[in-house]
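Have a look at the structure below before the remarks.
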Amino acid sequence: MSKENNFSAFWIGVAEGLSMPFWMVLGSMIGFGSMARDAGLSIEIAIGSSLGIWGLPGQVAMVELMAVGLPVLSIVIASSLANMRFMPMTVVVMPLFKGNWSAYKYRYLLAQMLSINIWSVFTRCGPQLAIEDRLPFYFGVSIICLTGGCIGTIIGFTAADLLPFYLTVSLIFLNPAYFVFVFSSAQTQNCLIAAGLGACLGPLLYQVVPEWTVPVTGMLAGTVAFYFTKWVGKQS
Amino acid sequence: MGGKAILTNVEPSIVLTLCIAGTFMWRALGVAVANHIDISSDLFEWFNCVAYAMLAGLISRIILIPSGTLETTLLFDRVVAMAIGLVVFVIFKRNIFWGTFTAFLIFLSLTALR
């Protein structure tokens, strides 16, 4: 593949990232930056958390639990469990790079860059791209989202008090709202059913097993949706 | 919003490093499993369903039972904004931008009016 094609796929990824995901990440991380400052953390730790953990529920768990003084092991376990979703998300993304040696070489870096925004863009656009265009496209989307995360954290940490509260809180609301519509646009029946069941089950399970909500919801709702779709397929 | 001191007596950079490792563990496990999965297999389809269900469960929990700053807003405002956004989303032939933009605007207006 020529360098020109690589370059072009990279910039298509950047443009796709700028269309919506960049702004979603920016809004969410403004909220996180403000929260990290209120918890007494330094800006370096806040940025390091956004770029290193790179998964908001895990970041929020870390900051909240550090602020109440829980033992380190409890903080790490809670933060890790809140981000357990990266396991199935990575499983779904990685096979899309099959046949590309460079992607295989960078597989752990690609997994580290993955976020919910990047996942939703790449699972939608990736299959429509030629195998060799997928890696530069992925880098384009990821780099723009990581930049948004970094800028958002800095704005939230340094300037959240300068913004009116209703704007800050609405920016935080933007990302979950966006994903409701992303999931409502799922193309396949099993994904739509899984998303619908997961959306109903998540808040219910949170009342019973708050720390295990994400994995238990995924396993239960995902498995039911998978077998239900198979069963419907056999009936018709 | 006044600043409160962190109570954990361990160096924050150490906690952060451990939390990064704790999340990376799931990513690395995903890479390891993905190496043995065929994209057209039932197992891949199952993982896709689990990923969708996990993310949808997490997002609906954040909207209905949020923590942090969003917790200070009214459930009514969040639900009304999402409901109107969904109507616009359907009217505009499942357009993600218009659905999200409407929900954002409604939520912004409702919280600004409080």
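The values are calculated or read from the model by the stated rules, or taken from the named source; none is laboratory data. Predicted model only: the values in this text are computed from it and were never measured. When we count neighbours, we look across all protein chains shown, and the Cβ atoms used for this are built from the backbone with ideal geometry, even at glycine. Areas reflect the complete protein model, heavy atoms only, side chains present, ligands, DNA and RNA absent. Shrake-Rupley method; radii C 1.70, N 1.55, O 1.52, S 1.80 Å.
The table below lists the values:
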quantity	calculated
Members of the stretch B:27-75 found to be touching a residue at least 24 places away in the same chain (Cβ under 8 Å) and not aliphatic (A, V, I, L, M), listed by number	B:Thr73
Any hit, the stretch B:89-105, residues being among the hydroxyl-bearing types (Ser, Thr, Tyr), more than 21 Å from A:Ser34 (Cβ to Cβ), surrounded by fewer than 17 Cβ atoms within 10 Å (Cβ to Cβ) and more than 7 Å from chain A (Cβ to nearest Cβ)	no
Selection within the stretch A:65-84 - within 7 Å of chain B (Cβ to nearest Cβ) and touching a residue at least 24 places away in the same chain (Cβ under 8 Å)	A:Met66, A:Ala67, A:Ser79, A:Asn83, A:Met84
Those residues of the stretch A:41-73 which are of a type in the set (Gly, Ala, Ser) and modelled with pLDDT of 90 or more, in sequence order	A:Ser42, A:Ala46, A:Gly48, A:Ser49, A:Ser50, A:Gly52, A:Gly55, A:Gly58
The stretch A:177-236, residues that are in contact (Cβ under 8 Å) with a residue 60 or more places away in the chain, facing chain B (nearest Cβ under 7 Å) and aromatic (Phe, Trp, Tyr)	A:Tyr178, A:Phe179
B:Leu70 vs. criteria within 24 Å of A:Pro210 (Cβ to Cβ) and either within 7 Å of another protein chain (Cβ to nearest Cβ) or buried (at least 23 other Cβ atoms within 10 Å of the Cβ) (or both)	yes
Residues satisfying the stated conditions in the stretch A:117-170, i.e. over 18 Å from the mean Cα position of the chain (by Cα), surrounded by 16 or more Cβ atoms within 10 Å (Cβ to Cβ) and hydroxyl-bearing (Ser, Thr, Tyr)	A:Tyr166, A:Thr168, A:Ser170
Test: residue in the stretch B:12-21 that is farther than 22 Å from A:Val63 by Cβ, open to solvent by less than 60 Å² (accessible area, probe 1.4 Å), facing chain A (nearest Cβ under 7 Å) and among the small types (Gly, Ala, Ser)	no
Positions within the stretch B:73-88 being open to solvent by 20 Å² or more (accessible area, probe 1.4 Å) and either among the polar types (S, T, N, Q) or assigned to a helix (DSSP H, G or I) (or both), in sequence order	B:Leu75, B:Phe76, B:Val79, B:Val80, B:Ala83, B:Ile84, B:Leu86, B:Val87, B:Val88
Selection count, the stretch B:37-67, where residues are closer than 27 Å to A:Pro95 by Cβ, facing chain A (nearest Cβ under 7 Å) and assigned to a helix (DSSP H, G or I)	16
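Matching residues to (1) surrounded by 24 or more Cβ atoms within 10 Å (Cβ to Cβ); (2) closer than 30 Å to A:Val216 by Cβ; (3) touching a Pro at 6+ places or on another chain (Cβ under 7 Å):
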| position | (1), (2), (3) |
| --- | --- |
| A:Val14 | no, no, no |
| A:Ile30 | yes, no, no |
| A:Ser50 | yes, yes, no |
| A:Glu64 | no, yes, no |
| A:Met89 | yes, yes, no |
| A:Trp101 | no, no, no |
